[in-house]
Amino acid sequence: MGARAHHVLGGLLVILVMSRPLGAQHPVVVEAGVVAARFPDENATAVGPLLRLSITGVRGRLFGAAEGVALGAVGAATGYASTSGGVRSSIGRGWSTELAGELAAVAGSNDAGSAQTGIAGARALWSLGVAGSWLRASGHASHRTETGLSGGGVDAGAWWGSSRLRLTGALRQEWTRAELFTGRFRNGFAGTVPVRFAEAATSLRAEGDYASLDVAAGVRRDVDA
């Protein structure tokens, strides 16, 4: 089950990382449990234990966070780790700026699934307490299975809500490069190609004393896919 298990497990890890809650209220969070996902295109199911550790901190204008995720299944194991930080500055009338960076890595029992990425960006934010918006430009560089990739993007969005409810909408344009592989399980490296795509997304988060609900939807226009 080796190659298939690792391929499916990598997809499950992406789902878990991309769906982590926004705006966590606690500086240290430890999660342990069992997760399962069905991948119809691969005709496979991944089931296994999950352990996640998340740490966040704010001191004055500085902020930072670190996260680690370990996920196992029959015949494969994978993990994800990231650290990020930056500085915010207020410029008055609800406006502020933010400079931030992030380093992330994913690796597993199969070396073909390893990758490292660095991201740096600058963002302008406007907030009135119950509503706000942002505009950001960023660049990234990464080392994937066979080569290095780089690119950049711009995104803008707005949010509205309170301490228990938050509605967010965002638009994003990305320019980057992608690796091409042959074979159902990405067995043969075939080179890289330029990629550009646009995304629109919206999400709703409702939070109570003992439970929270997250709902999100998005659409991508990828002319190079």
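The values are calculated or read from the model by the stated rules, or taken from the named source; none is laboratory data. These figures come from a predicted structure and were not determined experimentally. Backbone-built Cβ (ideal geometry, glycine too); neighbour counts: all protein chains shown. What goes into the accessible areas is simple: the full protein's heavy atoms, side chains included, and nothing from ligands, DNA or RNA. Shrake-Rupley method; radii C 1.70, N 1.55, O 1.52, S 1.80 Å.
Taking R0 as 22 Å, what's the FRET efficiency between VAL29 and SER162 from their Cβ-Cβ distance, rounded to 0.05?
Details: r = 22 Å, r/R0 = 1.00.
FRET efficiency, VAL29 to SER162: 0.50.
Site pair LEU135 and LEU51 shows an inter-label distance of 4.6 nm when each label is modelled 7 Å from Cα along Cα→Cβ.
Using a Förster distance of 41 angstrom, determine the FRET efficiency expected from the C-beta separation of THR202 and THR147, and round it to 0.05.
On the way: r = 34 Å, r/R0 = 0.84.
Step by step, r from the Cβ atoms, then E = 0.75.
Note on VAL29: accessible area approximately 40 square angstrom, rounded to 10, probe 1.4 Å, nucleic acids and ligands left out. Averaging the Cα positions of each part gives two centres, and for the range 52-71 and the range 154-204 these lie 22 Å apart.
Ranking VAL47, VAL195 from most to least accessible surface, computed with a 1.4 Å probe over the protein chains only, gives VAL47, VAL195.
Need one number for the range 36-117: average projected area of the convex hull over its C-alpha atoms, nm².
Working: hull surface 31.2 nm².
Mean shadow area of the hull around the Cα atoms is 7.8 nm².
Residues of the range 92-106 falling in the label zone of ALA81, defined by backbone nitrogen less than 11 Å from a point 7 Å along Cα to beta-carbon, are 104-106.
State the percentage of accessible surface on the range 97-225 attributable to carbon and sulfur atoms; use a 1.4 Å probe and exclude ligands, DNA and RNA. Can you show the working numbers first?
Working: 4710 of 7910 Å².
Of the solvent-accessible surface of the range 97-225, carbon and sulfur hold 60 percent.
For the range 124-197, go through all pairs of different Cα atoms, get the mean of 1/r, take its inverse, and jot down that Kirkwood value in Å. Display every interim value, and only then the final one.
Numbers: mean 1/r = 0.0667 Å⁻¹.
Final number for the Kirkwood radius of the range 124-197 is 15.0 Å.
Of the chymotrypsin sites (Phe, Trp or Tyr not before Pro) found in the range 150-225, the ones in coil according to DSSP and having at most 13 other Cβ atoms within 10 Å of their Cβ are TYR210. Compactness ratio for the range 78-189: Cα radius of gyration over 2.2 N^0.38 Å (N = residue count) comes to 1.35.
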